[in-house]
Amino acid sequence: MFILTLFFVSLILSGLSGLLFLSQRVPLVYVRFHIGIISLPALVSLFAFCNTSASRNVGLLHLDSLTWFMAFFVLTIGIVIQRFSVRYLLGNLFYRKYFILYTVITGGAAVTWLSDDFRLLVGCWGITLMGLTILISINRKWKVTRAATRLSGYVFAVSWLALLAAIIWLYQVTGDWNFSSALTNDSLAHISSWEKTGINLLLVLAVIIPAAQWPFHNWLIESIVAPTPVSAIMHAGIVNAGGIMLTRFSPLFNGDKAQIFLLVLSSISVLIGIGISLVQVDYKRQLVGSTISQMGFMLIQCALGAYLAAIIHLVLHGLFKATLFLQAGSALHQHEKLSQVNKRSSFLWTMTGYVLGLLTGVAYWMLAPGGGYQLVNAFILGWSLSFSWKKLIAFSRGRIDRMVGLFILGVSAIVYFLIHSLFKGWLHANVYQSVQIPLPFVLIVVCLLILGSVMDALAARYSSSALFAVLYLWLVKLGEGQAKSTESHPNYLKQYPSERGNRL
């Protein structure tokens, strides 16, 4: 109880610190003290995570290793992004407002995942979505920002209302507002099949919109007009919320027809995201396409009942994508053409990589416990090995480079399995263990993933065909914003006064 009190006191202090920094009388150097204050809730949640051995309910909250870990993850992402913004956003007219909005978003998300009450969850998640919308719209003088805010606000409202409707419906059939009692087997046994499917379809709608899944992906494409730290917190802490949301509702969601609907929709989104990332030349749009496909795969994991794998995915994706966005300003792509000698010598190595990937996938499928997700995981593991082999070894320049590539590949594999082993040990007891969906649907997903994996090879082989040109232009259009979201010469820049303050 003392740790919980300390957590909320530190969270309140973080919000008050952000409000204090809004005052023009407070020197800009105070922002460094603000960073220290917002570190307190993250440290408390880390301590609680390390010292939590069993699940328990305290008032409106559900405390276990999973909820504390998600709170720690979200708050830590907020600290990193706010620390990065100290110098990156310096000179921006709305410099002070960014920090209070970052604090509200991460604090709201942290309490969302700690909640055991449906009303607290929907309220805090609404605060998070509202804070993100305000963060996107903070520069209202720019026409592009206004268009992005309008679209984001509409789709976020639909997502939040869908979650609210699902929760109200669930309360009507169970008579309980709490996760711990409403989602028990006894309570769920009184829900009819059509009611269960209806509630789950509303939940699916509520999670695919923030996850930028087709056909609701446009809001994420439009949002690239926001500053890089805003994109970082968006891609690292908001779009991947569907994984933890469906994990919390997994006793209700598991074994329902809505899983198949989510499976098909997410598979389509994976292909669209891959296509957008392949045809776009803008670095941030490439990252958006990557996020769409990655979130699609995360939701595929949830649809297949692999909730623990989805949690691992959302955490690693959040850390990885935040890093990519924060270094977006220094990204430089180098494309070097291989000589004919290198192409001929690399063919054997490339084929070796394909064979190793196939053997690894088959071995994993045969040795791992049965289930639909293991087939998908075997395919992803084999494909990842062959892709990494091709980039690190097949196209290397000489023996030394190949030895270095082998070393990097081996270390990466060890780190991968070590991280997964740690997460399974930490969170296994707190994640719902589900029944897999029928294998034919899994095979359809595998076929779609195979189609996505060969898109790059087909594009290179048939780049001069009419079909490729049509597909290419369609993907380019799909990854571009609306015409009204484009302004070549922003007029608002002429109206910016300079903010005077102390040097940091």
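The values are calculated or read from the model by the stated rules, or taken from the named source; none is laboratory data. Predicted model only: the values in this text are computed from it and were never measured. With ideal geometry, Cβ positions are generated from the backbone for all residues, glycine too; neighbour counts draw on all protein chains shown. Surface areas here come from the heavy atoms of the whole protein model, side chains and all, with no ligands, DNA or RNA. Shrake-Rupley method; radii C 1.70, N 1.55, O 1.52, S 1.80 Å.
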- Query: Within the range 254-289, which residues are modelled with pLDDT under 85 and closer than 22 Å to F423 by Cβ?
  - Reply: N254
- Item | Meets criteria (within 21 Å of A306 (Cα to Cα) and either among the basic types (K, R) or without any contact (Cβ under 8 Å) to a residue 12 or more places away in the chain (or both)) for K284 | no
- Message: Please count how many residues of the range 22-53 are polar (S, T, N, Q), farther than 30 Å from F179 by Cβ and either part of a helix (DSSP H, G or I) or open to solvent by 50 Å² or more (accessible area, probe 1.4 Å) (or both).
- Response: 1
- Which one is surrounded by the fewest Cβ atoms within 10 Å (Cβ to Cβ) among residues in the range 246-266 that are under 16 Å from the mean Cα position of the chain (by Cα) and in contact (Cβ under 8 Å) with a residue 60 or more places away in the chain? T247
- Assess whether L19 counts as being assigned to a loop (DSSP other than H, G, I, E, B), open to solvent by 10 Å² or more (accessible area, probe 1.4 Å), of a type outside the set (F, W, Y) and in contact (Cβ under 8 Å) with a residue 24 or more places away in the chain. no
- Which of the helices (runs of 4 or more DSSP H) contained wholly in the range 329-436 include at least 1 residues that are within 15 Å of A310 (Cα to Cα) and modelled with pLDDT under 65? 372-389
- Item | L75 modelled with pLDDT under 85, part of a helix (DSSP H, G or I) and crowded, with 23+ Cβ neighbours inside 10 Å | no
- Item | Residues satisfying the stated conditions in the range 121-159, i.e. closer than 22 Å to G18 by Cβ, out of contact with any Ser or Thr (no Cβ under 8 Å at 6 or more places or on another chain), modelled with pLDDT of 90 or more and hydrophobic (A, V, I, L, M, F, W, C) | I127, M130
- For the range 54-65, pairs from a residue that is open to solvent by 60 Å² or more (accessible area, probe 1.4 Å) to a residue that is hydrophobic (A, V, I, L, M, F, W, C) and assigned to a helix (DSSP H, G or I), with Cβ under 6 Å and 6 or more apart or across chains, are L60/L120
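Here is a yes/no grid of residues against (1) within 23 Å of the chain's Cα centre (by Cα); (2) farther than 23 Å from L324 by Cα:
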residue: R56; (1), (2): no, yes
residue: L61; (1), (2): no, yes
residue: V80; (1), (2): yes, no
residue: F94; (1), (2): no, yes
residue: I105; (1), (2): yes, no
residue: V111; (1), (2): yes, yes
residue: S115; (1), (2): yes, yes
residue: R119; (1), (2): no, yes
residue: C124; (1), (2): yes, yes
- Message: Looking only at helices (runs of 4 or more DSSP H) that lie completely in the range 93-201, which have at least 1 residues being touching a residue at least 24 places away in the same chain (Cβ under 8 Å), open to solvent by 20 Å² or more (accessible area, probe 1.4 Å) and over 28 Å from I79 (Cβ atoms)?
- Response: 118-136, 143-174, 179-182, 185-188
